[in-house]
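What follows is a short report on a single structure.
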Amino acid sequence: MSLEHTISEAIKTAMREKDRVALDSLRAVKAQILLLQTEARGAEVTAEQEIAILQRMIKQRKDSYEQFTAQGRTDLAEVEEAQSKVIEKFLPKQLSAEELESEIKKIISETGAESLKDLGKVMGVASKALAGKSDGKSISEMVKKLLA
């Protein structure tokens, strides 16, 4: 079942349950997917593109959460946090810190990286291999920690 179909079913459920936060979040996701399909002009939208949309939307909401919290707008911050939790439900299971470290160690040994000079090489491979399983910030921090 495609993400678009899953989101549509979740929208129906949110409407029945009168869950305003979930409904707003899911409609935003569906709008982004439809926009991507329009830009693709009939080409098939891949699962990787759908995951990238979800990750981008979660990152936007987390950034907004931090800004609203810094400004003392807890009412708006709570909405952003709730929306990011709704969207996260549609991402694949995220790697734990231990699993992430293990995966990155494998990538470092495969690429032959030895120091921070090789950061770009490792990040390129890690970002592609771990797309959807972990966010870029976590991957970057772990790679820096392991190469230092």
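The values are calculated or read from the model by the stated rules, or taken from the named source; none is laboratory data. These numbers were taken from a predicted model, which means no experiment stands behind them. Don't worry about glycine lacking a Cβ; one is built from the backbone with ideal geometry, like all the others, and counts go over all protein chains shown.
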(Q) For the range 115-148, which positions are more than 28 Å from residue 89 (Cβ to Cβ), in a helix (DSSP H, G or I) and not aliphatic (A, V, I, L, M)? (A) 117, 118, 120, 121, 124, 144, 145
Q. Considering only the range 75-101, how many residues are surrounded by 12 or more Cβ atoms within 10 Å (Cβ to Cβ), more than 13 Å from the chain's Cα centre (by Cα) and closer than 16 Å to residue 127 by Cα?
A. 3
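Please specify each residue of the range 27-50 satisfying the condition of being part of a helix (DSSP H, G or I) and either of a type in the set (Gly, Ala, Ser) or in contact with a Phe, Trp or Tyr (Cβ under 9 Å, 6 or more places away or on another chain) (or both). Give the derivation first.
Just the residues of the range 27-50 that are part of a helix (DSSP H, G or I), to begin with: 27-40, 47-50.
Residues satisfying the conditions are 28, 29, 31, 40, 47, 50.
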Q: Return a yes/no flag: does the range 53-68 have any residue that is hydroxyl-bearing (Ser, Thr, Tyr), within 30 Å of residue 148 (Cβ to Cβ), free of Cβ contacts under 8 Å to residues at least 60 places away in the same chain and assigned by TED's automatic domain parsing to the domain that holds residue 39.
A: yes
Q) Being closer than 27 Å to residue 19 by Cβ, among the charged types (D, E, K, R) and in a helix (DSSP H, G or I), is that true of even one residue in the range 88-101? A) yes
Q. For the subset of the range 1-26 comprising residues that are part of a helix (DSSP H, G or I) and among the charged types (D, E, K, R), which member is modelled with the lowest pLDDT?
A. 4
Q. Out of the range 125-148, which residues are modelled with pLDDT of 85 or more and over 24 Å from residue 62 (Cβ atoms)?
A. 125
Q | Qualifying position, being under 30 Å from residue 20 (Cα atoms), surrounded by fewer than 18 Cβ atoms within 10 Å (Cβ to Cβ) and not assigned by TED's automatic domain parsing to the domain that holds residue 51, among 72, 132, 120, 124 | A | 132
Q: Being loosely packed, with under 15 Cβ neighbours inside 10 Å, touching a helix residue (DSSP H, G or I) at 6+ places or on another chain (Cβ under 8 Å) and under 25 Å from residue 131 (Cα atoms) narrows it down to one of 47, 10, 43, so name that one.
A: 47
Q: Go through (1) in contact with a helix residue (DSSP H, G or I) (Cβ under 9 Å, 6 or more places away or on another chain); (2) at positive phi; (3) not hydrophobic (A, V, I, L, M, F, W, C) one by one and return the number of the condition residue 25 breaks.
A: (2)
